[in-house]
1. Using all Cα-Cα distances in the chain, what percent lands in each 10 angstrom bin from 0 up to the longest?
2. Expressed in nm², what is the orientationally averaged projection area of the convex hull enclosing the Cα positions of the range 3-69?
3. Between Asn42, Cys67, Leu10, whose Cα lies farthest towards the positive end of the dipole of the range 3-69 when Lys and Arg beta carbons carry +1 and Asp and Glu beta carbons carry -1, centred on the Cα centre?
4. If you build the convex hull over the alpha carbons only and average its shadow over all orientations, what do you get for the range 22-159? Give it in nm² to one decimal.
5. Rounding to the nearest 20 debye, state how big the charge dipole of the range 28-110 is about its Cα centre with +1 on each Lys and Arg Cβ and -1 on each Asp and Glu Cβ.
6. What's the magnitude of the charge dipole for the chain around its Cα centre, counting Lys and Arg as +1 and Asp and Glu as -1 at the beta-carbon? Answer in Debye, nearest 20.
7. Tally Lys/Arg at +1 and Asp/Glu at -1 over every other residue whose Cβ is under 11 Å from the Cβ of Glu20; what's the total?
8. How much length, in nm to one decimal, is gained on full extension between Lys57 and Asp13, taken as 0.36 nm per residue of separation minus their Cα-Cα distance?
Amino acid sequence: MIRLFVPHALAPDAGIALDEAQSRYLAAVMRQEVGDAVRVFNGRDGEWHAVLADVGKRSVRLHVQTCERPQTLGPDLDLVIALVKRGRLETIVEKAAELGCARIRPVITARTNADHTKVARLQAIAVEASEQTGRLDVPQVLEPVKLEAMLKTWDDRRLLFCDEAGDALPVLEVLRSEPAGPWAILIGPEGGFSPAEREALRAKPYAVPANLGPRILRADTAAISALTLWQAALGDWNPSRHVELS
C-alpha cells in the first residue's frame, strides 16, 4: 500500500489536493487510477485510507475515507549531528527517520568538514523514509547552528555524548543506569571533537559521555549505532522503559 505524508487535516470525506510532485508520483510513476487506494498521514491525525478521486498528470485529488491507525508518537529523541559530506549526511537523516528519531539537529563544530547543507532536501529525505517505514510522524530537520551556540540554549534534556577520545564507559553500560524520557544523541565530525569541545561537553550536567566500542566509526555508522543502542535500552524497542510523547 502506498503511503503519503500530507500537510492537510484528515477526517472522513475530506478532499485532498496533492502537490505536483506527489501527483506525478501516483499518476506517472505508480500509474494509479481513479478508485485506487492509498494511505495518508500528517503527523497529527493518524493514518487514513483514501482513494484517488480525480487523476491528472500534474494534479491528483484524494477522497479520505476511514482512519486505519490512531496517532501515536515515538520517543522524544533528538539526533545532534556534526555536518559531514552530503552523501553521508543524507544517509544519516534517512536512517534516523527509520529508527524513530523525533528531530535531527545539524551542528557546526571546530573540525566540521562541511559548513552548509540543503535542509529542504534533508527534510524531503526524512519524509520519504517515514512514508516507507510505517511511522505516523516525520522527524523535523533543523537549520545548522554552531555547537557552542546550541549548548548555550540547551534545556535539561539528557545528552548522550559519544566520545571516542576519552575514558567513557561503553554506551550500553551507561544507558542501563539512565532514565527514559527526553534525550539527544551527539555525534561528532569525521575528525572528532576538539579538546576544548570535549572539555566543555564533559562539564555540562546533562551530558552523559559514552563510547561506541574499540573501533573509530565514521559519522554515519556512529549515528546508526548510537540510535539503535539507545532505542534498545530506553526507546520503543524496550516497551518496559519507553515513555511516549503525549
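1. Over the chain, the share of Cα pairs per 10 Å bin runs 7, 29, 30, 19, 11, 3, 0 percent.
2. Values: hull surface 14.7 nm².
Projected area, direction-averaged: 3.7 nm².
3. Among Asn42, Cys67, Leu10, the one farthest towards the positive end of the dipole of the range 3-69 is Asn42.
4. Value for the range 22-159: 9.7 nm².
5. 420 debye
6. Dipole about the Cα centre, nearest 20: 480 debye.
7. Once all neighbours under 11 Å are counted, the net charge is +2.
8. Taking 0.36 nm per residue and subtracting the Cα distance, the gain is 13.5 nm.
Where a number appears in this text, it was derived from the coordinates with a stated rule and is not lab data. Since the model is a prediction, treat every value here as computed from it, not as a measurement. Heads up, the Cβs are rebuilt from the backbone with ideal geometry, glycines too, and the neighbour counts pull from every protein chain shown.
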